[in-house]
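Any read-out appearing in this document is the output of simple, stated calculations on the displayed coordinates, not a laboratory observation. Predicted model, so just to flag it, every value in this text is computed and none were measured. Neighbour counts are summed over all protein chains in view; Cβ atoms, including those assigned to glycine, are modelled from backbone coordinates with ideal geometry.
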Amino acid sequence: MTEPALEGPVIVTGGAGAIGSVLVRSLLERASEVRVIDNLSSGRREHLTPSRSGKEARLTVADLKQPATYADVFRGGTAVWHLATNPDIRKGYTDPSLDLEEGTRATFHVLEAARHYDVPRIAFSSSSVVYGFPSVLPTPEGYGPLEPQSLYGAAKLAAEGLLSAYAHSYGIRTYIFRFANVIGPNMTHGILPDFFEKLRADPTRLEILGDGRQAKSYLRTEDCVAGMLLATDRAHDQVNLFNLGNVDQISAREIGEKVVAAHGGGARIEYSGGRRGWVGDVPVQLLAIDRIQALGWRPRWSSPEAVDHTIEEMMGERHARPGGAHRF
Ligand SMILES: NC(=O)c1ccc[n+]([C@@H]2O[C@H](COP(=O)([O-])OP(=O)(O)OC[C@H]3O[C@@H](n4cnc5c(N)ncnc54)[C@H](O)[C@@H]3O)[C@@H](O)[C@H]2O)c1
């Protein structure tokens, strides 16, 4: 199916990151111009590869916390995809102001720039962690009360509130996506990079945080991006809220076993113990995805398939750079 063209320049914050760079490649096929704002803290310039038709995004290296350095990038824009933030949930525990600055205040600056330059639409990458420990699984978008367990989750929820207020106060059409675990190329954090890093440091043992029974759903980046694009094409409320996840789950133990097997099977698996892997962790996560499915979206990979595919890619990257500067 041919995707509809997007009018005018679109802006992607965090476009040099793992999800952002895949989104940028899709947008390049459809929009007249794609402008990326990224401070390259976890993203990389080289993630911004040209589209199949040879088009390239325009990168502005700037920090969202300093709006004067990038606000004019919004001039003439027709949509903002706001993905930039600190992506690592655990960091907020030792640095409690991090997510307030990188998640909440940065979102305020992005919204102000959008308001100033009359950008009519904004899409935002929120997270399943806003649900906290939900008593309903799969968890629907209408679930409440929302009690995030981490400062990252609190910042996402606060950002959602700001987006809703700007939508209703200033007429900016808003899309909020609550992602499950999104995995794919160029990831810098999360369970797979963590396990690969541990096995690189010590190939004889893999420590899994928690009791290994944590079960979550995993989505490939391509599926996540396809879901966001479809929703922004087909949903037209003032505030459009969607879960984006998979219909199934996979446990930390199963992921650990797959990673160990991919490394030759020699490492023994140990557990640090406890139901949660770390403070702020949500041990069981499964999102209800009926709302996005009703628009016609289906993930191509199940959770175990997404994990298998991503492990294969990461092993390929290791073998491509033996002993050298690989990330895993
Ligand atoms: N990957 C997941 O499982 C997952 C799950 C839920 C939500 N999300 C959200 O999706 C978004 C993208 O995550 P990702 O996994 O691609 O992470 P990522 O780290 O690969 O991407 C984040 C990008 O934002 C940039 N950035 C960070 N702080 C910035 C700042 N102050 N100014 C400018 N640029 C900044 C980074 O350099 C990076 O390119 C984030 O908002 C994240 O919270 C991700």
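Taking the C-alpha atoms only, the angle from helix 18-30 to the longest principal axis of the chain is near 40 degrees. Taking amide hydrogens as placed 1.01 Å from N in the peptide plane, the amide H of A288 sits under 5 Å from those of T139, each at least 5 positions away in sequence or on another chain.
Exposure proxy ranking for V10, V260, based on other Cβ atoms within 10 angstrom of each Cβ and starting from the fewest, stands as V260, V10. Ordering S126, S42 by the number of other Cβ atoms within 10 Å of each residue's own Cβ, fewest first, gives S42, S126.
Between the residues A261, V239, A155, the greatest Cα displacement towards the positive end of the dipole of the range 131-273, with unit charges on the Cβ of Lys, Arg, Asp and Glu, is found for A261. Under a model in which nothing but the beta-carbon of Lys, Arg (+1) and Asp, Glu (-1) is charged, the range 234-300 shows a dipole of about 80 debye around its Cα centre. Placing one identical point scatterer on every Cα of the chain and ignoring solvent, what is log10 I(q)/I(0) from the Debye formula at q = 0.14 Å⁻¹? Results for the chain at q = 0.14 Å⁻¹ read -1.14. By the rule of a C-alpha distance below 15 Å, with chain neighbours fewer than 8 residues away ignored, the aspartates and glutamates paired with K91 are D99, E101, E102, D194, D281.
Panel order for F133, F108, by other beta carbons found within 10 Å of each beta carbon, from fewest to most: F133, F108.
Projecting the Cα atoms of T60, P304, P138 onto the charge dipole of the chain, computed from C-beta unit charges around the Cα centre, puts T60 farthest toward the positive end.
In terms of overall dimensions, the C-alpha atoms belonging to the range 1-110 reach 46, 25, 24 Å along their principal axes, ordered largest to smallest. For K198, give me every one of the lysines with a C-alpha distance below 16 angstrom, ignoring sequence neighbours fewer than eight places off in its own chain. Within the straight-line cut-off, K198 pairs with K258. The long axis of helix 252-262 is offset from the longest Cα principal axis of the chain by roughly 70 degrees.
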